[in-house]
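Structure first, commentary second.
Every number in this text was worked out from the coordinates using simple rules, so none of it is lab data. Remember, predicted model here, so these are calculated numbers, not experimental data. Cβ sites come from the backbone with ideal geometry, for glycine too, and all protein chains shown count toward neighbours.
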Amino acid sequence: MFLQIRNNAVHFSKNYSLRTRNSHFPFPLLSLVQFYSKSRVEKQRSPAIFELLLHKHNFCPEAASQVATCLTLTRLKTLEKFDSTLSFFKESGFSNSQLEKMLKYRPTLLSANPDKVIKPKIKLFQDLNFSAQDIAEIITNDPDIMYRSLNNRVVPSLLVLKELLGSSLEVAKVLKISGWFLKSDIGKTMAPNIEFLKNCGIAVEQISWLMYTYPRCLLCKPKSMIKFVGRVDEMGISRSSKMFIHAIRVLSSMTDETWEQKLKAFKNLGFSDEDIVETFRKAPQVFSVSEEKMKKLKEILIASGKYDFSCVISHPTSLICSVENKYKPRLQVLGVLESRNLIKEWPSFPGLYKMPDESFVKKYVRPYLREVGDLHKVGSSFCGKNGL
């Protein structure tokens, strides 16, 4: 199936009405006016460019200054070109805030040849029925799309995405999350990976979730995806389980070396081999937690005198919760309440991390505001959300 999609994309690319050259557009070199002193090289802002951006195109002073510092004005026609390019973006649906964001990240877009680099890309999106709002958001989020070869990369990728997702509206949703789909040859990566996962019996809904939430996972080499599925199989996760796709995502995010370091970190914190396998089966996303966070949680639990790390081993999903915004403020509040004989017992460990913020505030904070004082606000976001 993916071979047919890829062939259709290539055929369309060759016959696309926009006859642009299949060449790479390297980033224009930044021309900087340099003043040499004994200790530093200073950049000089172009007054004419700054005035154009600030007064005619209503950029904020900070954005106008940053862009004007990165560009050089060599002749009047250059300023006219910058003005024309900005006007074209606005006519195409870009807002001022989007232009500021895009040009602060990639100011050299103003120096690019609009007829080769900018206009053909936007026209392609328009021809494929993308809305002006979607086009502006996609390009603003990843301006480097403009520098990709139109016929060799952008056209084939868009057509493969549309074939897989069914509509330009769905393609736009994906591209607003990640422009990587237009930087990779997805006919050789994502399309075969999706086909392989379907053949493995993975539900289409789960594959779609992966595409919308962790798109780069599907852009790995097909042989890597085969390896990830094999390793998840070895860990004993059923392909019908919702955790299967989470496990693939976690494995795809690290190298073999990083994975081994992660396993070592779990063992150093007291997890047995059986604990590690069981945790991976039940909650593979836990393996995305950093070793530093695990150590910090272990320290504050032990310091409380009420819990130890064996609680975490029994309830590994507790590692996902924020140490600063959940564990620390809750442990501090409970410690003060106990020291003043206001509570007889602490909540169980599952109760400590699973209890909703509103319930914790209602039970342990609101009745004791005088005693607790401002302690509950330290490092905590949950009290603010509950109006305290």
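General remarks:
- Sorting the segments 192-198, 234-240 by their residues' average number of neighbouring beta-carbon atoms within 10 angstrom, most packed first, yields 192-198, 234-240.
- With 0.36 nm allotted per residue and the present C-alpha distance subtracted, the residue 370-residue 223 stretch has 46.8 nm of extension available.
- The listed peptides 353-360, 289-296, ordered by packing as a protection proxy, come out as 353-360, 289-296 (highest mean of other Cβ atoms within 10 Å first).
- The mean sequence separation of alpha-carbon pairs under 8 Å and at least six residues apart, normalised by the residue count of segment 265-322, gives a relative contact order of 39 percent.
- Between residue 231 and residue 169, the FRET efficiency from the beta-carbon distance, with R0 = 45 Å, is close to 0.80.
- Taking a straight Cα-Cα cut-off under 18 Å and skipping sequence neighbours fewer than 8 places away in the same chain, the aspartates and glutamates within cross-link reach of residue 77 are 51, 115.
- Full extension of the segment from residue 261 to residue 322, taken as 0.36 nm per residue of separation minus the current Cα-Cα distance, would add 19.7 nm.
- Cross-link partners of residue 223 among lysines (Cα-Cα below 21 Å; sequence separation of 8 or more within a chain): 183, 188, 198
- By the Kirkwood approach, averaging reciprocal distances over each pair of separate Cα atoms, segment 291-385 gets a hydrodynamic radius of 13.5 Å.
- Ignoring aspartates and glutamates fewer than eight residues from residue 354 along the same chain, the ones with Cα atoms less than 19 angstrom from its Cα are 308, 324, 345.
- Between segment 182-229 and segment 304-339, the alpha-carbon centres lie 37 Å apart.
- Subset of 306/328; 81/173; 264/293 violating a 23 Å alpha-carbon distance limit: 81/173
- Ranked by the mean number of other Cβ atoms within 10 Å of their residues, highest first, the peptides 245-251, 265-271, 149-155 fall in the order 245-251, 149-155, 265-271.
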